[in-house]
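Visitor: My questions will all concern the structure given below.
The values are calculated or read from the model by the stated rules, or taken from the named source; none is laboratory data. Predicted model, so just to flag it, every value in this text is computed and none were measured. Cβ coordinates were reconstructed from backbone atoms using ideal geometry, including for glycine residues, and neighbour counts include every protein chain displayed.
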Amino acid sequence: MSEDTLSQRLHSIQAHLPPHVRLIAVTKQVPVAVIRHAYELGLRDFGESRVQEAQAKAALLQDLPDLTWHLIGHLQSNKARLALQQFSWIHSVDSLALAQKLDHLNQTLQRPAQLLLQVKLRPDPHKHGWTIPDLLTALPALSRLRHVHIKGLMTILPLGLSPAERQHLFRELPALGAQLQSHLPLKEYSMGMSDDYPQALAAGATMIRLGRCLFGERPPITPPDESAS
Ligand SMILES: *Cc1c(COP(=O)(O)O)cnc(C)c1O
């Protein structure tokens, strides 16, 4: 992809973006040179699905002082320590055990991890994330964690919905966040990818995660939303 294409794509997306929305450029499988160009175009937030891929890239981009890395893929608990060293935001916290582990590690690492809880708005045994009943059950324990900052919710929609259905379903995420306010002060809603971000914006997204609509199609290796870290 030519560099001008990235600049054009970025500008046409930014033209529709409310100022409070954080655009996260999803750079899985995107070469470091292209990330560097994205940085030159003003992007500072980068999303990766795998801890090691992000670490390798960050090592090559150390001269850029103000990058913010977001982990958006499933995190295995044996990589939790590495993830805290690399990422300022972890969008994919999907179990109480993982949240507790991050809390415990933060006591010694002194890194303020900002966490989002990944929610399945519709049950799907093949996807990571909390079902709503499981999240409600875990709330008291989550609200007792003192060394992590649980800032919001993240979701990935099921496939095959119409735009109207997507927007409707996305609205359930901030509504759920409002319902949890008395336990957790949530204000970030990470929702919307290349194919559905307009509906996510309309439904109150504060962070959108865009890969293909910025960088073009990725080679087919693993399904985009479930790649293991
Ligand atoms: C890959 C990925 C994205 C970006 O998807 P695109 O369709 O390329 O915009 C966003 N969120 C998650 C969790 C992903 O895994």
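Visitor: Any chance region 204-227 includes a residue that's of a type outside the set (D, E, K, R), away from the ligand (no atom under 13 Å from the Cβ), buried (at least 22 other Cβ atoms within 10 Å of the Cβ) and without any contact (Cβ under 8 Å) to a residue 40 or more places away in the chain?
Guide: For region 204-227, residues of a type outside the set (D, E, K, R), away from the ligand (no atom under 13 Å from the Cβ), buried (at least 22 other Cβ atoms within 10 Å of the Cβ) and without any contact (Cβ under 8 Å) to a residue 40 or more places away in the chain: absent.
Visitor: A follow-up question, please. Which numbered condition trips up T155, out of (1) at pLDDT 95 or above; (2) away from the ligand (no atom under 16 Å from the Cβ)?
Guide: Among (1) at pLDDT 95 or above; (2) away from the ligand (no atom under 16 Å from the Cβ), T155 violates only (2).
Visitor: Looking only at region 79-96, count every residue that is touching a His at 6+ places or on another chain (Cβ under 9 Å), polar (S, T, N, Q) and surrounded by fewer than 24 Cβ atoms within 10 Å (Cβ to Cβ) and tell me the total.
Guide: Result for region 79-96: 2.
Visitor: Hey, could you check region 67-78 for residues that are within 16 Å of the ligand (Cβ to nearest atom) and not small (G, A, S) and say which is surrounded by the most Cβ atoms within 10 Å (Cβ to Cβ)?
Guide: I72
Visitor: Looking only at region 42-60, how many residues end up being more than 16 Å from the ligand (Cβ to nearest atom) and buried (at least 16 other Cβ atoms within 10 Å of the Cβ)?
Guide: Residues meeting the conditions: 2.
Visitor: Let me ask something additional. With respect to S194, determine if the residue is away from the ligand (no atom under 16 Å from the Cβ) and either free of Cβ contacts under 8 Å to residues at least 40 places away in the same chain or within 20 Å of Q100 (Cα to Cα) (or both).
Guide: Judged against the criteria, S194 is not a match.
Visitor: Among the residues of region 85-108, is any among the aromatic types (F, W, Y) and under 20 Å from E53 (Cα atoms)?
Guide: yes
Visitor: Could you give every pair whose Cβ atoms fall below 6 Å, whose first residue belongs to region 31-54 and is in a helix (DSSP H, G or I), and whose second residue is surrounded by 15 or more Cβ atoms within 10 Å (Cβ to Cβ) and among the small types (G, A, S), counting only separations of at least 6 or pairs across chains?
Guide: Going by the 6 Å Cβ cut-off, the qualifying pairs are A38/A25; V51/A83; V51/S229.
Visitor: Also, I was wondering about something else. Can you name every residue in region 11-30 that is in a helix (DSSP H, G or I) and away from the ligand (no atom under 13 Å from the Cβ)?
Guide: Answer for region 11-30, where residues must be in a helix (DSSP H, G or I) and away from the ligand (no atom under 13 Å from the Cβ): H11, S12, Q14.
Visitor: Quick check, is R36 charged (D, E, K, R), surrounded by 13 or more Cβ atoms within 10 Å (Cβ to Cβ), within 14 Å of the ligand (Cβ to nearest atom) and over 24 Å from L201 (Cα atoms)?
Guide: no
Visitor: Considering each of I132, I150 in turn, give the residue that is more than 20 Å from V26 (Cβ to Cβ), away from the ligand (no atom under 14 Å from the Cβ) and crowded, with 21+ Cβ neighbours inside 10 Å.
Guide: I150
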